[in-house]
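Trainee: Here you go, one structure.
Nothing in this text is a laboratory measurement; each read-out follows from the coordinates by a stated rule. Quick caveat: nothing in here was measured; it's all calculated off a predicted structure. Glycine also receives a Cβ, built like all others from the backbone with ideal geometry; neighbour counts cover every protein chain displayed.
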Amino acid sequence: MTPQVRYVLRLADSSLVLAQRLGEWVGHAPALEEDLGLANVALDLLGQARLLLAHAGELEGRGRGEDELAYLRDEAEFLNLTLVEQPNGDFGQTIARQFLFDAWQLGMVEALQQSADARLAAIAAKALKETRYHLRYSAGWLVRLGDGTDESHGRAQRALERLWPYVNELFVADEVDRAAAAAGVGPEPGALEQAWTARVDEVLAQATLARPERAHFVWYGRQGRHGEHLGYLLAEMQSLHRAHPGATW
Amino acid sequence: MSHVAPRAAHPGTAALPAESEARIRSLLGQVPDPEIPVLSVIDLGVIRHLALRPDGTVEVGVAPTYSGCPATPVIKADIVRALAGAGFQVAAVDVLSPPWTSDWISAEGRRKLAAFGIAPPAQAVGSARALLAKDPPVACPRCGSGRTARTSEFGSTPCKALYRCEACLEPFDYFKCL
């Protein structure tokens, strides 16, 4: 698999896994509006994932389409950020995870507008408009929770502490990122950090939440090394395809 | 503003004869959006090009409104069915770039939305709004009052947000700016 295929798959898998996580809320959110909101964000991410998976399959040239890539790969072949596979927890944890991801994805899809890969640039241009809405939603809720009651503030702060160990991975480059940057396909991950931090700090200040300390440990979900949670998520996501191999709509 | 943007079609295609193009546009004007059937696909601004392939197939370029909008495949199938019924051989293709914007909804489409009870999108977005900025004012499509409040950023379809009117107290959909 070429570095470019891996690069596109990483983006696709982060959107796909987060869409699946958000889908777990359908029918369970604290209010109908949030049920709709989380499902809408999930739908956008799923749409992005489908476009990216189809593109990765075409780049790979081995005849794998979006379904083969989504349903017939196992845990170690998934290249998503470890952050997005973290469980939903309470609503505060879901919102905190979404906010940290949205703030990162906004910078990523902005940078990808200049990608030398014209198809990737087009997918990113479409995603950019959607990501702005997602970030408004997650940032707005983080402020309401953080600057809300003692209970909601405490839960939002604990959610940030719980998720912060996965932040390092957003900005650490490996050989796939370096190859993509050298070929003009995507940005150096570290180049996104300053704007991300500014965006996050602005919202945390309004939310009266404290930014946790960065850990030294780095996760490598993007290299297929995941925590314990992804396998369960995939078991559910892929169950229909396992029961009915080759099923299509 | 032209509702069919003059975008380059696939290489190897040619312009349609004016007569066929007018006929096809008129047929597409009868194809409803499956989620907001008061709008045709022409009103919605998703038709990006019409062209003739060397084998006689009419190529229709369709821009998806949202990446994951479930209506997109339905729209393409409806277009193929409507034009095939008039004797055309048709291929509907995705056009991702430039991305669809709510500014492409026609003036006629905006009137139809308001009459249907959906507040049309504010115009001339393009730029990113500030993260926690106030929303642009949205007038109630029922009573016209500007005293409205957003209930939720997301509604029953990807393209809509939920609002309520503080004057007539009715809830309503707002077609989001994109």
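Trainee: Just the number: Rg to Rh for the stretch A:127-220, Cα atoms, Kirkwood Rh, two decimals.
Mentor: Working: Rg = 15.4 Å, Rh = 14.9 Å.
My calculation puts Rg/Rh at 1.04.
Trainee: How shielded is A:25-32 by partner chains, expressed as the average number of their Cβ atoms within 10 Å of its Cβ atoms?
Mentor: 1
Trainee: Also: Which whole-number percent gives the relative contact order of chain A, counting Cα pairs below 8 Å spaced six or more residues apart? If you can, show how the numbers build up before the last one.
Mentor: Details: 346 pairs, mean separation 62.3, N = 249.
That works out to 25 percent.
Trainee: Give me, ordered by chain and number, the residues 5 or more places off B:Leu39 or on other chains with an amide H under 5 Å from its own placed amide H.
Mentor: So B:Leu39 has HN proximity to B:Asp33.
Trainee: Which of A:His229, A:His55, A:His153, A:His28 comes first, and how do the rest follow, when ranked by fewest Cβ neighbours within 10 Å? Please report the intermediate quantities before stating the final value.
Mentor: Values: A:His229 14, A:His55 21, A:His153 17, A:His28 11.
Ascending Cβ contact count within 10 Å gives the list A:His28, A:His229, A:His153, A:His55.
Trainee: With r as the distance between the Cβ atoms of A:Asp147 and B:Ser145 and R0 = 22 Å, compute the FRET efficiency 1/(1 + (r/R0)^6) and round to 0.05.
Mentor: According to the calculation, E is roughly 0.15.
Trainee: Taking N as the number of residues in chain A, what value does Rg over Cα atoms divided by 2.2 N^0.38 Å take?
Mentor: Numbers: Rg = 17.4 Å, N = 249, 2.2 N^0.38 = 17.9 Å.
This ratio for chain A stands at 0.97.
Trainee: A further question on this structure: Is there a simple number for the mean count of other chain Cβ atoms within 10 Å of the Cβ of residues in B:146-155, and what is it?
Mentor: Mean partner shielding for this stretch: 4.
Trainee: On to the next question. Along the charge dipole of the stretch A:70-214, pointing to its positive end and built from +1/-1 on Cβ of Lys, Arg, Asp and Glu, which listed residue (A:Ala182, A:Leu120, A:Ala70) has its Cα farthest out?
Mentor: Result: A:Leu120.
Trainee: Using the Cα gyration tensor of the stretch B:12-57, with a ≥ b ≥ c the square roots of its eigenvalues, what is the shape: rounded (a/c below 1.5), prolate (a/b larger than b/c) or oblate (neither)?
Mentor: Numbers: a/c = 2.98, a/b = 2.20, b/c = 1.35.
Prolate is the answer for the stretch B:12-57, as a/c is 1.5 or above and a/b outweighs b/c.
Trainee: Using R₀ = 25 Å, calculate the FRET efficiency as 1/(1 + (r/R₀)^6) where r is the Cβ-Cβ separation of A:Glu68 and B:Asp94; round to 0.05.
Mentor: Between A:Glu68 and B:Asp94 the formula returns 0.80.
Trainee: For the residues A:Tyr137, A:Tyr220, what sequence is obtained by ranking on other C-beta atoms within 10 Å, fewest first?
Mentor: Working: A:Tyr137 22, A:Tyr220 14.
Starting with the residue having the fewest Cβ neighbours, the order is A:Tyr220, A:Tyr137.
Trainee: In which sequence would A:Leu240, A:Leu16 go, from the one with the fewest C-beta neighbours within 10 Å to the one with the most?
Mentor: A:Leu240, A:Leu16
Trainee: Starting from the eigenvalues of the Cα gyration tensor, five times each then square-rooted, give me the equivalent ellipsoid semi-axes of the stretch A:79-129, largest first, whole Å.
Mentor: 26, 11, 8
Trainee: I need the P(r) histogram for the stretch A:41-117: all alpha carbon pairs, bin width 5 Å from 0 out to the longest distance, whole percents.
Mentor: Values per bin, smallest distances first: 3, 12, 17, 24, 20, 16, 6, 2, 0.
Trainee: Given charges of +1 on the Cβ of Lys and Arg and -1 on the Cβ of Asp and Glu, with all other atoms neutral, how large is the dipole of chain A about its Cα centre, in debye to the nearest 20?
Mentor: 300 debye
Trainee: Report the full-extension gain for the segment A:Leu32 to A:Asp174: residue separation times 0.36 nm, less the Cα-Cα distance, to one decimal in nm.
Mentor: Computed gain between A:Leu32 and A:Asp174 is 46.9 nm.
Trainee: Relative to a virtual label point 7 Å from the Cα of A:His241 in the Cα→beta-carbon direction, which members of the stretch A:25-56 show backbone nitrogen distances below 14 Å?
Mentor: Residues A:49-56 fall inside that zone.
Trainee: Right, next: Rounding to the nearest 20 debye, state how big the charge dipole of the stretch A:50-172 is about its Cα centre with +1 on each Lys and Arg Cβ and -1 on each Asp and Glu Cβ.
Mentor: Values: 14 positive and 19 negative charges, 84 e Å.
The calculated dipole for the stretch A:50-172 is roughly 400 debye.
Trainee: Same structure, new question: Report the charge-dipole magnitude of the protein assembly as shown in Debye, nearest 20, computed about the Cα centre from +1 at each Lys and Arg Cβ and -1 at each Asp and Glu Cβ.
Mentor: Here the size comes out at about 920 debye.
Trainee: Something else: What is the calculated FRET efficiency for B:Leu169 to A:Thr2, with r their C-beta to C-beta distance and R₀ = 51 Å, to the nearest 0.05?
Mentor: 0.30
Trainee: Right, another one. May I ask for the Kirkwood hydrodynamic radius of the protein assembly as shown, worked out over all distinct Cα pairs and given in angstroms to one decimal?
Mentor: By the Kirkwood definition, the hydrodynamic radius is 22.9 Å.
Trainee: Compute the helix-to-body angle for B:18-28: its Cα long axis versus the longest principal axis of chain B, expressed 0 to 90° and rounded to tens.
Mentor: Rounded to the nearest ten degrees, it is 40.
Trainee: Stick to the Cα atoms of the stretch A:195-249, pair each with every other, and give me the Kirkwood hydrodynamic radius in Å at one decimal.
Mentor: 15.3 Å
Trainee: Say the dipole of chain A comes from +1 at the beta carbon of Lys and Arg and -1 at that of Asp and Glu; which of A:Pro3, A:Phe171, A:Tyr137 then lies farthest toward its positive end?
Mentor: So the residue furthest toward the plus end is A:Pro3.
Trainee: In addition: Which of the peptides A:72-81, A:59-68, B:158-167 is most tightly packed, and how do the rest follow, going by the mean number of other Cβ atoms within 10 Å of each residue?
Mentor: So the order, starting with the most tightly packed, is B:158-167, A:72-81, A:59-68.
Trainee: Could you work out, residue by residue across A:215-223, how many beta carbons of other chains sit within 10 Å of that residue's beta carbon, and then give the average as an integer?
Mentor: 0
Trainee: Rounded to the nearest 500, what is the 222 nm mean residue ellipticity of chain A from helices alone, with -39500 (n - 2.57) per DSSP H run of 4+ residues and division by all residues? All intermediate terms of the calculation are to be shown ahead of the outcome.
Mentor: Details: 11 runs with 160 residues, N = 249.
One gets -21000 deg cm²/dmol as the mean residue ellipticity at 222 nm.
Trainee: Also, I was wondering about something else. Residues of the stretch A:69-96 with the amide nitrogen closer than 19 Å to a label point 7 Å from the Cα of A:Glu228, along Cα-to-Cβ, please.
Mentor: Answer for this model: A:75-76, A:82-90.
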